[in-house]
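Taken together, the values in this text are just the output of simple stated rules run on the coordinates, not laboratory data. All figures in this text were calculated on a predicted structure; none of them were measured in a lab. Heads up, the Cβs are rebuilt from the backbone with ideal geometry, glycines too, and the neighbour counts pull from every protein chain shown.
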Amino acid sequence: MRDIISRFKGYKRIEVDGYNQSFLLTKLADENISIEKVERKSPKSMFFNIKKKQCKKTFAILEKLCYNYSIVGEYGISKFLKSALSRIGLIIGVIIFGTVSIIGENFIWKVEIGGNERTDSLSIERRLEDNGIAVGMVKRKLDAFGVRMLLNDMDGIAESSVEIVGTTLKITVFEDTEFTNPITEPEISLVSKYDARITRIIVDEGTAKVNIGDNISAGTELISGEIFDTNGESLGLRNAKGRVYGIVSFTASTIFSETVMTEKDTGNKEVRSSFEIFGLKIGGKKPVEFRTFRQETKRQFLTENLFFPIKYTRTVYYETCRDIIDNDIDGAIESWKKEKILEMIISCGGSETEAILVKTDIGGNLTKADLFLQAEMPLI
Amino acid sequence: MSFFNEAIKSVGNKFTPEFNIIHLGGNALYVDGFRKITKISDEKIVLLCARKIIEISGELNIEGLEQNAITLTGKITGVTINDL
């Protein structure tokens, strides 16, 4: 602190060459000259500070005593000001730069727009400019919510975000998802999926190519997309639309036996347990002695959450043997018939109109069942 | 009211000191009342008073010097006062 104060007081540091330094210092002190910071370089040379206003007197004494001296430094406010004045350009530049930086921080100097693919950046900028939001705007005057609403009103923009990063206004827009209708090929002709006898025709668009009562085969054109005027002149092609119903016949056959071979448990069982850790299986390797069997296996982790997972497996083998039992042929055929009718209704959308079942004994305890089904159903 | 006058008063004004020394814990030394510096080196400074010689030894820097007063800093190892 004293150093700083002394520097502003106005001091000169001088180097004095000459012997008998103690004599010189005493002499200078006797003449009321304040000496500070004496630094002896050698018995012949030393430095010290003297007050600026005592310089003339000091130099006169030094000259009178035949000491050589030189000024090696100068301190003080005037020196500081002189030094500052020589760098006035730099100082003014720093001040201007600082001022501009501080003031400039309060303005928006860049507008960044992102996230837009279909919407033109220029149109967003224009929209902002039309509402006074542009480069050079004062930051605190920006209403982020208002800008958001402004952008959200634009066509094709679903949502937007507005934020100020430094002196940059960052705008990110989220555009509407563009939905396009799937391109479909016009169906210029509708054909039958089944052999059938036509019962109903409902044409929404196009021209019916069959009549009620017609017997048609699968692949026959039912409705054409071509339309005609009353004179039979073609008016062009349309997307053929409509429904055509018909009676479709199905047949199914199967053979049933009077006896059925089944597997049944004998009551004997064997249990095998094993542990597994990191793929290494311990136990449960003993082979099962039953010739025929069914098995039930349960697996569970004993230490699922630990580093070493131990898996426990328990398998129960039930011994089985073959057994021949009498088959209820009528019941089995009836079940089969119901199953087939249901299959037709579910898979083809038809309604049952007629079902004829023919059972034939073909010998060897076997019966053949033939099922004839007729149903009205959509042909397209 | 100077520090030295107060000190003189405290001993009943019996003395008129030729010189005064303040020794600040071996790091600084103030001497006033000397007449001249008779020897100066980095290790020793000898001050001459009217009837005494003051020898100051140590690693010495002359911090300030005015008429009859000197301020020394550094590592002061000894102050010896001898009769002239």
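Under 5 Å between amide hydrogens, built in the peptide plane, is the criterion, and for residue A:134 it picks out nothing among residues at least 5 positions away or on other chains.
Legend: ranking of residues A:154, A:261 from fewest to most surrounding C-beta atoms inside 10 Å; resulting order A:261, A:154. Under the simplified labelling scheme, the residue A:56-residue A:139 pair shows an inter-label distance of 5.8 nm, with each label point 7 Å from Cα along Cα→Cβ. Using bins of 10 Å that start at zero, the share of Cα-Cα pairs per bin across chain A amounts to 4, 10, 7, 6, 7, 10, 11, 9, 7, 4, 4, 5, 6, 5, 2, 0, in whole %. With 19 Å as the limit, the listed pairs A:51/B:52; A:340/A:368; A:193/A:337; A:337/A:359; A:110/A:141; A:37/B:39 have A:51/B:52; A:193/A:337 beyond it between alpha carbons.
Give the Debye-formula value of log10 I(q)/I(0) at each listed q (0.12, 0.22 Å⁻¹), with one equal scatterer per alpha carbon of the stretch B:18-83, two decimals each. Results for the stretch B:18-83 at q = 0.12, 0.22 Å⁻¹ read -0.23, -0.83.
Can you run phi through the Karplus equation (6.51, -1.76, 1.60; θ = phi - 60°) for the stretch A:239-253 and list ³J(HN,Hα) in whole Hz, with x for Gly and Pro? Calculated HN-Hα couplings, in order: 7, 5, 9, x, 10, 10, 10, x, 7, 10, 9, 10, 10, 8, 9 Hz.
For residue A:226, the residues 5 or more places off, or on other chains, whose built amide H falls under 5 Å of its own are A:207, A:238. Between residue A:74 and A:13, the built amide H atoms are under 5 Å apart, and every one of these is 5 or more places off in sequence or on another chain. Karplus-derived 3J(HN,Hα) values for the stretch A:284-295, using 6.51 cos²θ - 1.76 cosθ + 1.60 with θ = phi - 60°, are x, 9, 5, x, 7, 8, 6, 6, 10, 7, 10, 9 Hz; glycine and proline are entered as x. Computed from backbone phi with θ = phi - 60° and the Karplus coefficients 6.51, -1.76 and 1.60, the 3J(HN,Hα) list for the stretch A:33-49 is 9, 7, 10, 9, 6, 6, 10, 8, 8, 7, x, 9, 10, 8, 10, 7, 9 Hz; x is used for glycine and proline.
Each other residue within a Cβ distance under 15 Å of residue A:291 adds +1 if Lys or Arg and -1 if Asp or Glu, for a net charge of -2. Treating the angle as unsigned and between 0 and 90°, give the value, to the nearest 10°, between the Cα long axis of helix A:329-348 and the longest Cα principal axis of chain A. Roughly 50 degrees, rounded to the nearest 10. Per the Debye formula on identical point scatterers at the alpha carbon atoms of the stretch A:110-175, with no solvent, log10 I(q)/I(0) at q = 0.19, 0.24 Å⁻¹ is -0.64, -1.05.
The distance separating the Cα centre of the stretch A:210-272 from that of the stretch A:108-183 comes to 58 Å.
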